[in-house]
């Protein structure tokens with residue numbers, strides 16, 4: 001199982017959109033992939049949990065986190081082979097770890113914890129909570145956005161991950177993200 005959580009080597013820059021739910025990560029991921037004519041790694045948890053909700057009317061449980069993490073890494077590792085420029089990741093294992101600890105009293109499976117820390121990315125874009133909340137079947141904490149934002153920012157700092165805070169309107173976020181990705185590509 002641990003091998004399935006491990007990031008495979010790739011010949012591209014890897015960027016992660018990171019932050020609380022309903023902060024524009026997916027929208028920005030798609031825009032960036034389109035801008036760079038590259039691929040983006042969707043959030044596997046959305047597909048997995050939407051299917052669970054549709055079939056069982058159940059939300060995420062601790063037993064779901066490892067299958068979600070394994071599915072996420074499979075997607076990332078497969079899609080990383082399809083680009084030699086930039087891979088835009090809508091999430092990563094560190095995000096799953098933050099949710100695990102926030103929702104399940106500080107608990108995170110040891111293998112998920114290990115690879116959330118070990119897998120590496122060139123840059124994280126931390127999305128701020130200044131976007132309007134959009135409800136759906138899976139989003140459940142509209143009143144805890146500030147607390148969750150602090151948990152995400154704290155994780156980036158704790159594990160010394162390189163990050164840029166994205167605030168403002170969609171076009172401002174996109175321009176700022178492009179500026180920082182271009183800097184990485186030009187190194």
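The values are calculated or read from the model by the stated rules, or taken from the named source; none is laboratory data. In this text the structure is predicted, and so the values were computed from the model without any measurement. As a convention, Cβ positions derive from the backbone with ideal geometry for all residues, glycine included, and neighbour counts pool all protein chains shown.
The table for this structure:
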| read-out | value |
| --- | --- |
| Meets criteria (assigned to a helix (DSSP H, G or I), touching a strand residue (DSSP E or B) at 6+ places or on another chain (Cβ under 7 Å), at pLDDT 95 or above and surrounded by fewer than 19 Cβ atoms within 10 Å (Cβ to Cβ)) for residue 30 | yes |
| Check on residue 176, farther than 20 Å from residue 59 by Cβ, free of Cβ contacts under 8 Å to residues at least 40 places away in the same chain and surrounded by 13 or more Cβ atoms within 10 Å (Cβ to Cβ) | yes |
| Members of segment 90-119 that are under 21 Å from residue 184 (Cβ atoms) and either outside any helix (DSSP H, G or I) or without any contact (Cβ under 8 Å) to a residue 12 or more places away in the chain (or both) | 90, 91, 92, 119 |
| Criterion: in contact with a strand residue (DSSP E or B) (Cβ under 6 Å, 6 or more places away or on another chain), under 23 Å from residue 177 (Cα atoms) and part of a helix (DSSP H, G or I) - qualifying residue of 87, 79 | 79 |
| Candidate set: segment 41-66, residues that are outside any helix (DSSP H, G or I) and in contact with a helix residue (DSSP H, G or I) (Cβ under 8 Å, 6 or more places away or on another chain); chosen: the one nearest to residue 94 (Cα to Cα) | 43 |
| Residue check, residue 69 in a helix (DSSP H, G or I), touching a helix residue (DSSP H, G or I) at 6+ places or on another chain (Cβ under 6 Å) and farther than 19 Å from residue 145 by Cα | yes |
| The listed residue being at pLDDT 95 or above, surrounded by fewer than 19 Cβ atoms within 10 Å (Cβ to Cβ) and within 26 Å of residue 164 (Cβ to Cβ), out of 14, 82, 25 | 82 |
| Residue within segment 42-57 that is under 18 Å from residue 174 (Cα atoms) and at pLDDT 95 or above present | yes |
